[in-house]
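Trainee: Pasting a structure below so you can have a look.
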Amino acid sequence: MQDRSESDSRRLLQRLRDTLAEPGQGQERLDRIVGLIAESMNTDVCSIYLFRDRETMELCATRGLKAEAVHRTRLRLGEGLVGRVARTATAVNTADAPSERGFRYMPETGEEIYSSFLGVPIQRLGEKLGVLVVQSNEARAFSEDEVYALDVVAMVLAEMTELGAFTSEDTTIARPHKHPVMLRGGSGQEGTTEGNVWLHEPRVVVTNLVNDDPVAESERLRVGVERLRVSVNDLMQAAATGDKEHADILEAYRMFANSRGWLRRMEQSIENGLSAEAAVEKEQSDARARLQQVPDPYLRDRLHDLDDLSNRLLRILTGQGRDTGATMPDRPILVARNIGPGELLEYGKLLKGVVLEEGSVGSHAAVVARALAIPLVVHCDGVTTEALNGDTIIVDGDEGVVHLRPDESVASAYRDKIIMQTQAAARFAALRDLPAQATCGSLVGLHMNAGIMADLPSLSGSGAEGVGLFRTELQFLLRNSMPRRSDLAALYARVLKAADGKRVVFRTLDIGSDKVMPYMNRPEEPNPAMGWRAVRVGLDKKGVMRMQLQALIRASAGRPLTVMFPLVAEMSEFVQARELLLREIEREAHLGHLLPEKLEVGAMLETPSLAFAPDAFFKMADFISIGGNDLKQFFYAADRENELVRRRYDTLSTSFITFIQKIVQRCAENGTALSFCGEDAGRPVEALTLIGAGVRSLSMRPASIGPVKDLIRRADCSVVSSIIEEAKARGEERLRPLINDYVRSLSSL
Ligand code: PEP
Ligand code: MG
């Protein structure tokens, strides 16, 4: 067979378009297409395999193989050469198929042993839809142009599949994005909710795929790219100040927008018959396919940048703005690849849930989602390609699971769960003004964690006694530049005013590790969680810490002030940080400012070392708060951000609880007030065990106060203490089953 020229590919595409325009059911269309491709490419066989589910493909149309095999022959991902094309999302082109790795002879299709095989993936924006194959008796490799032509045809097929062009009533070819899908991710914030998908970045719909006039189409692309360059330059100028990370991204955009390779490839696609939009989308699809193969985070980021840039160009070419005219559903569940904390805050309480394809448990967006108490699933692979605006969606933040377009049985099971949660919430609300007093008479102080102004109304709503942890870093993370002292002072004053006399424990800036301020230079650290973070940064960069302390003193203006330093690892760090604060108070006094009426200075115990600090430390600290999230990660040497190890070790083990008892004992000996403010404080069974270990003050998410109080009021702490002691005496490691048994034995109120 002679080499194909570009005009052959154009002609093939045009015939394809005409074929698609003819009336007919999906199956008829597919049959015509395989005939057309086999004739145009002069091959003995042309077949289309489409995915039935994520793992299995089905032969949906063929010219050359047995007609009876259609809708019968199935292949798993990775099985045979067709499966290899699908798995790797790259073409397989061979003159000697039987000796190719992975070759599988399928007698059921009546296939002779064809020598030549060319298979290309049918994929749309990273979503695998199937495989398009041509085969020949003649032993020859297909030319580059032929591979390209088939690739372009596959792309058009992918678009048509997406638009439902092959949907048939008589066969089982269903339109994609119609089936229920369950996706697994990680839990970012607990809670279950049902609603409708609201895509943060709605898809651009491309309907004209084939061009009639390559010259005019190339010109359209050129004008579009020029507009794109101008808009990226404008963005760069607007971002010229501050935000280094943002500027880096834009620089990458600019690089791509000016990349000749990118433009040349798109122009070639137009030469070969695609419209300008389809050419952009082809590049985007290829980039996404590469993305799935690239483990390097830097390269992945760059491919994401290219993806974003392609979206911008598509919007320019199609005239579709971000606003696609879709109206936000009543119960919007935000679906996005990722989202910044500022953007998430803008949506605010409007959202019922959030699902992120990337994101992480400790990301800023997750911190905001937690503050807003919206169920959040992170690391949810494939959700942005699967979900369409308006789809029904259930977000199970407890399990980190998402159900898209759930069938009725799944939906009703979840509805029952949601109803039970609502009933429980009503029961907890009734406890709001009652004390957290166990049946043995012990009283437990329940406080809430906060981080933004929007949290403060929960103080009265939840029945919390005060704010046991106010994370101050969010104000720093949400901005493009360092906040001013006056802004911070105004915010802290608003927090104190809203707290209306209840105690607020302000934790000084805890940055570093996963919390990175975009405007501050940060050294590359091999192990950021154990690196230059929290009070270590504060003591080394005293300017920022002093500014924050001054803001806190000014905000308190005659009211009591409580300050806590994060990640104190040894006594001397606490001494220095405390002295810095006392010096600032002196300075403020000199300046004639009103001083705090009362001052409490505490430390977070987040590293095991501090539990062994000299008695003098315990005596000097007005209070200690155990930061269980960090303490646990350092106790077990298991990164709290690492999905592989994050759940590996249990809080309810005799080793960890013995360690907590040790801290309780040291605080008791030295008369130091103690509380616990990690996530475990908000989990009822964990909270009860901590109480059994002697902790009498807990700080947690406001939504957890009801469930924790409910359990405390039904339990006897002395029984929990005995369970712990007996397990220790028996040399057992696991406490959880024992405490669970005890909790189950308690009657509900
Ligand atoms: C902790 O480590 O338990 C804690 C409360 O601090 P953060 O989660 O902000 O590190
Ligand atoms: Mg911490």
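Trainee: Using the Cα centre of segment 501-613 as origin and beta-carbon charges of +1 (Lys, Arg) and -1 (Asp, Glu), tell me which of 604, 505, 557 is placed farthest towards the positive end of the dipole.
Mentor: Result: 557.
Trainee: Follow-up question, since we're still on this one. Cross-link partners among lysines for residue 541, C-alpha distance below 17 Å, same-chain residues fewer than 8 apart left out?
Mentor: 515
Trainee: Please work out whether segment 330-388 counts as rounded, prolate or oblate from its C-alpha gyration tensor, where a ≥ b ≥ c are the square roots of the eigenvalues and a/c under 1.5 means rounded, while otherwise a/b larger than b/c means prolate and anything else oblate? Before the final figure, lay out each step's value.
Mentor: Numbers: a/c = 1.82, a/b = 1.19, b/c = 1.53.
Judged from the Cα gyration tensor, segment 330-388 comes out oblate (a/c at least 1.5, b/c at or above a/b).
Trainee: Something else: By how many nm would the segment from residue 177 to residue 422 lengthen if fully extended, with 0.36 nm per residue of separation less the alpha-carbon distance? Write down the numbers at each step before the final one.
Mentor: Values: separation 245, 0.36 × 245 = 88.20 nm, distance 3.08 nm.
Fully extending the segment from residue 177 to residue 422 adds 85.1 nm.
Trainee: Further question: If you count only protein heavy atoms with a 1.4 Å probe, what accessible area per residue comes out for the chain, rounded to a whole Å²? Display every interim value, and only then the final one.
Mentor: Working: 31550 Å² over 749 residues.
Spelled out: the 1.4 Å probe surface of the chain, per residue, equals 42 Å².
Trainee: Still on this structure, I have one more. Quick one: grab the alpha carbon gyration tensor of segment 8-134, order the square roots of its eigenvalues as a ≥ b ≥ c, and give me rounded if a/c is under 1.5, else prolate or oblate depending on whether a/b is larger than b/c. Don't skip to the end; give the middle numbers.
Mentor: Numbers: a/c = 1.43, a/b = 1.32, b/c = 1.08.
Verdict is rounded for segment 8-134.
Trainee: If you roll a 1.4 angstrom probe over the protein chains with everything in place, what fraction of the accessible area of the chain belongs to carbon and sulfur, to the nearest %?
Mentor: On the way: 15970 of 31550 Å².
Percent of accessible area from carbon and sulfur atoms in the chain: 51.
Trainee: What ranking do 556-564, 586-594, 447-455 get when scored by the average of other Cβ atoms within 10 Å per residue, highest first? Can you show the working numbers first?
Mentor: Values: 556-564: 20.3, 586-594: 11.8, 447-455: 22.3.
Ranked by mean Cβ neighbours within 10 Å, highest first: 447-455, 556-564, 586-594.
Trainee: In debye to the nearest 20, how big a dipole does segment 310-464 give about its Cα centre with +1 on each Lys and Arg Cβ and -1 on each Asp and Glu Cβ?
Mentor: Values: 13 positive and 17 negative charges, 72 e Å.
It comes to approximately 340 debye.
Trainee: Using Cα-Cα distances under 8 Å and only pairs 6 or more residues apart, what relative contact order does the chain have, in percent? Mind dumping the intermediate values first?
Mentor: Values: 1403 pairs, mean separation 74.3, N = 749.
This gives 10 percent for the chain.
Trainee: Could you work out how much longer the chain between residue 77 and residue 522 gets when fully extended? Use 0.36 nm per residue separation minus the Cα distance between them, nm to one decimal. Walk me through the numbers on the way to the answer.
Mentor: On the way: separation 445, 0.36 × 445 = 160.20 nm, distance 4.35 nm.
Length gained between residue 77 and residue 522: 155.9 nm.
Trainee: Separate question: How would you rank 433-440, 83-90, 208-215, highest first, on the average number of other Cβ atoms within 10 Å across their residues?
Mentor: Values: 433-440: 14.8, 83-90: 20.2, 208-215: 17.2.
Output ranking for 433-440, 83-90, 208-215: 83-90, 208-215, 433-440.
Trainee: Label-point separation (nm) for residue 593 and residue 219, each offset 7 Å from Cα along Cα-to-Cβ?
Mentor: Between residue 593 and residue 219, the label points sit 6.6 nm apart.
Trainee: Let me ask another. Give the lysines reachable from residue 662 as a straight Cα distance under 21 Å; neighbours fewer than 8 places away on the same chain don't count.
Mentor: Within the straight-line limit of under 21 Å, residue 662 reaches these lysines: 619, 632, 728.
Trainee: Cα to Cα, under 17 Å, and not fewer than 8 places away if on the same chain: which lysines meet these conditions relative to residue 598?
Mentor: List returned: 497, 502.
Trainee: Taking 0.36 nm per intervening residue step and subtracting the Cα-Cα distance, what contour gain separates residue 259 from residue 410 on full extension?
Mentor: Numbers: separation 151, 0.36 × 151 = 54.36 nm, distance 4.78 nm.
Length gained between residue 259 and residue 410: 49.6 nm.
Trainee: Where does each of 123-136, 51-64 land if you order them by average Cβ count within 10 Å, highest first? Present the calculation step by step, with values, prior to reporting the outcome.
Mentor: Details: 123-136: 23.7, 51-64: 19.9.
Order by mean packing, descending: 123-136, 51-64.
The values are calculated or read from the model by the stated rules, or taken from the named source; none is laboratory data. Please read these numbers as outputs of a predicted model, since none were measured by experiment. Every residue, glycine among them, receives a Cβ derived from its backbone with ideal geometry; neighbour counts consider all protein chains shown. To get the accessible areas, we keep the full protein, side chains included, count just its heavy atoms, and leave off ligands, DNA and RNA. Shrake-Rupley method; radii C 1.70, N 1.55, O 1.52, S 1.80 Å.
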